[in-house]
Every structure is written in structure tokens, then in C-alpha cells.
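See structure below.
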Amino acid sequence: MEEEQKKEAEAAEQRMAHRLQCVLMECAREKTQAVAEARKEERERALQEAAMQHSMLAEEQYQKIIEQLNIEKSHEINTALRLAEKENQSETEKQLREAETLRLDELEKVTIARKAAEGQVKTLTQKLEKMTDWKDSLEIEIQEIRQAFQKYIDATFPNLSPGQADFILPVRKTFEQKTP
């Protein structure tokens with residue numbers, strides 16, 4: 001019996017040892033599984049953190065790139081505007097020079113025409129003065145002839161009453177200038 005008890009005790013010890021070993025193996029397995037899960041969670045958190053940092057870094061880089069592009073585009077626009085203003089100013093100056101040249105040409109033509117007209121007016125004025133002088137001298141001559149003829153009529157026909165000899169020497173008509 002003792003041997004049986006010994007065997008039973010040994011068997012119980014073996015069962016206990018086996019159970020202990022199973023429990024230890026289960027604990028080791030659970031520990032390994034828990035460590036693996038913890039590592040997995042830590043990796044996932046690290047990946048999320050890295051992704052978030054990468055996203056933030058990408059956003060910062062995106063903003064910097066956008067800002068740089070805005071600066072470059074603004075610079076390009078300003079350069080284009082300055083260039084357009086220079087071209088516009090150059091074109092405007094060219095047009096002003098052309099207009100000034102045209103104005104000077106027209107002024108020269110008008111001045112030449114004015115001088116020619118002044119010359120014609122002067123010539124016509126001189127001719128008119130000569131004609132006026134000639135007319136005045138003719139008027140004086142006609143007046144003298146009329147006076148002489150009147151003296152002749154008075155001497156030849158002393159007995160005529162006033163107005164009887166008017167048919168011989170009619171009344172002088174005055175010159176009236178026609179206005180257009």
C-alpha cells in the first residue's frame with residue numbers, strides 16, 4: 001500500500017507538475033500573446049503618430065510650397081505689369097511723338113498758308129490802294145471836267161434858268177458799294 005500510495009503520490013506529483021507545467025506554459029503563452037498585442041498596439045500607435053507627424057509635415061510643406069508659389073506668381077505678375085507698363089509707356093511716347101510731328105507738320109502747313117494769304121492780302125491791299133488812288137484822281141478829274149463844262153454852259157447859255165440845262169450835264173450819281 002505504501003507503494004501504491006507512493007505511486008499515487010508520484011502520479012499526483014506528476015499530475016501536479018504537469019498541471020503546473022501546463023499553467024506555466026499557458027502563462028508563458030498568454031504573456032507572449034500579451035507582449036505581441038502590446039507591441040502591435042505600440043506599433044500601430046507609432047504608425048499613427050508617424051502618419052500624423054507626416055501629415056502635419058506634409059501640410060506644412062504644402063503650405064510653404066503654396067506660399068512660395070504665391071510669392072513667385074506675384075513676382076511674375078509684377079514683372080509682367082512693369083513690362084506691360086514700359087511697353088505701354090513706350091507706345092504712348094511713340095504716339096505722342098508721332099502726334100507732335102503731325103501737329104508740327106500741320107502747323108507748318110498752316111503757317112505757310114497764312115503767310116501766303118497774308119502776301120495775297122498785302123498784294124490785294126496795295127492794288128486796292130492804287131485803285132482807290134486812281135479812282136480818287138478820276139473823281140477829281142471828273143469833278144474838274146464837270147465844273148469846266150458847267151462854266152462853258154453858263155458862259156454859252158447865260159439866260160437859262162436853273163435846271164433847264166440838266167439834260168446837257170445830268171446830276172452825278174453817287175457810287176454805292178455792293179455788299180454780298
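The values are calculated or read from the model by the stated rules, or taken from the named source; none is laboratory data. Nothing here was measured: the structure is a model prediction, and the numbers come from that model. No Cβ is skipped: glycine too gets one built from the backbone with ideal geometry, and neighbour counts run over all protein chains shown.
Test residue 151 against the stated conditions and say whether it is at pLDDT 90 or above and of a type in the set (D, E, K, R). Break it down into steps so the answer makes sense when it comes.
Numbers: at pLDDT 90 or above: no; of a type in the set (D, E, K, R): yes.
Answer is no for this residue.
Do we find a residue being surrounded by 10 or more Cβ atoms within 10 Å (Cβ to Cβ), at pLDDT below 90 and not in a loop (DSSP other than H, G, I, E, B) anywhere in region 158-172?
In the first step, residues of region 158-172 are kept if they are surrounded by 10 or more Cβ atoms within 10 Å (Cβ to Cβ); the result is 160, 164-166, 168-169, 172.
Narrowing further to those that are at pLDDT below 90: 160, 164-166, 168-169, 172.
The next check asks that each one be not in a loop (DSSP other than H, G, I, E, B); those that pass are none.
No; the residues of region 158-172 include none that is surrounded by 10 or more Cβ atoms within 10 Å (Cβ to Cβ), at pLDDT below 90 and not in a loop (DSSP other than H, G, I, E, B).
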